[in-house]
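To start, the structure under review is shown below, and the notes come after it.
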Amino acid sequence: MVFRKFYNWFEKSSACKELNSFPLPLEEPVVWEYFLSLRQLRSAQSKGYTVPSSFLEAVRFAKFTLDLQGTDSILGSRRLLGLSALERKAKGPTVQAPGLQPEHIRRLHEVLHTSSNLIDKLGAGCFLVCLYGRARWSDM
C-alpha cells in the first residue's frame, strides 16, 4: 500500500516529469520530492506524521526480501532519514484506545453464536481470533 501511494503520487507529480525519472528503480531525488509533498499534505491535514517512516520501512523490507534496486541510496540518504525522524518526532506520543471490557468480549461471542447475518459472524470471529491470538488486524 505504501508503494501504491508513492506510485499514485508519482503519476500526478510535475516535479518527477521535470526530473525525467521513473518510479522504479527508486531514486533519492524522486523520493525526496515525495517526502516534501507528504510534509505539505501533513501540515494541511494535521495527520500522516509517520508516512515517511512507513515508506522507509517498506523500502527496507523490499531491499532484504526482493533485492529491489535503488534501495541503498534511499536507506543511506541522511536528508530522507532526517525528515522522517523529524516528522515522527512532531507526531508526539502515541495515545492508545482503551482496552476491551469483558462485556465487549461476551457480546462478540454472542454475535458469533446467535447472529443470522454472516458478515456480522465473520467480523466477530475475526475479532476474537485477533484477541485470543494476540494478533494485529494486519496479521489477519
Using the Cα centre as the reference, give the magnitude of the dipole from point charges on the C-beta atoms of the chain (Lys, Arg: +1; Asp, Glu: -1; all else neutral), rounded to the nearest 20 debye. 400 debye
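Stretched out fully, how many nm does the piece from GLU103 to PHE22 gain, at 0.36 nm a residue minus the Cα gap?
Working: separation 81, 0.36 × 81 = 29.16 nm, distance 5.29 nm.
Gain on extension, GLU103 to PHE22, equals 23.9 nm.
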Tell me the angle of helix 78-91 to the major Cα principal axis of the chain, expressed in degrees between 0 and 90 and rounded to the nearest ten. 40 degrees
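Heavy atoms only, 1.4 Å probe, whole protein assembly: order HIS104, HIS113 by accessible area, highest first. Write out the running numbers ahead of the final one.
On the way: HIS104 85, HIS113 135 Å².
From most accessible down to least: HIS113, HIS104.
Give the total of Lys-Lys pairs in the chain with Cα-Cα distances below 23 Å; include a pair only if its members are 8 or more places apart or on different chains.
Taking the Cα cut-off of 23 Å, the pair count is 8.
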On a 0 to 90 degree scale, rounded to 10, what angle separates helix 118-132 from the longest Cα axis of the chain? 80 degrees
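Relative contact order for the chain: what is it in percent, counting Cα pairs under 8 Å that are at least 6 residues apart?
Values: 96 pairs, mean separation 25.4, N = 140.
Over the chain, the number comes to 18 percent.
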Out of the trypsin sites (Lys or Arg not before Pro) in segment 62-140, which ones are loop residues according to DSSP with at most 10 other C-beta atoms within 10 Å? ARG134, ARG136
Ranking by accessible area, most exposed first, for TYR7, TYR132 with a 1.4 Å probe: TYR132, TYR7
In nm, to one decimal, how far is the GLN69 label point from the HIS113 one, both placed 7 Å along Cα→Cβ? 5.9 nm
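Calculate, for LYS121 and SER53, the FRET efficiency according to 1/(1 + (r/R0)^6) with r their C-beta to C-beta distance and R0 41 Å; round to the nearest 0.05. Spell out each step's value before the answer.
Values: r = 37 Å, r/R0 = 0.89.
Efficiency at R0 = 41 Å is approximately 0.65.
Based on the Cβ-Cβ distance from VAL129 to TYR7, what FRET efficiency comes out when R0 is 30 Å, to the nearest 0.05? Mind showing how you got there, number by number?
Working: r = 32 Å, r/R0 = 1.07.
Efficiency for this residue pair is about 0.40.
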Among [x] 1.05; [y] 1.02; [z] 1.12, the entry derived from the coordinates for Rg/Rh (Cα atoms, Kirkwood Rh): [z]
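The values are calculated or read from the model by the stated rules, or taken from the named source; none is laboratory data. None of these values were measured; they are calculated from a predicted model. When we count neighbours, we look across all protein chains shown, and the Cβ atoms used for this are built from the backbone with ideal geometry, even at glycine. Just the protein is used for accessible areas: all its heavy atoms, side chains included, with ligands, DNA and RNA removed. Shrake-Rupley method; radii C 1.70, N 1.55, O 1.52, S 1.80 Å.
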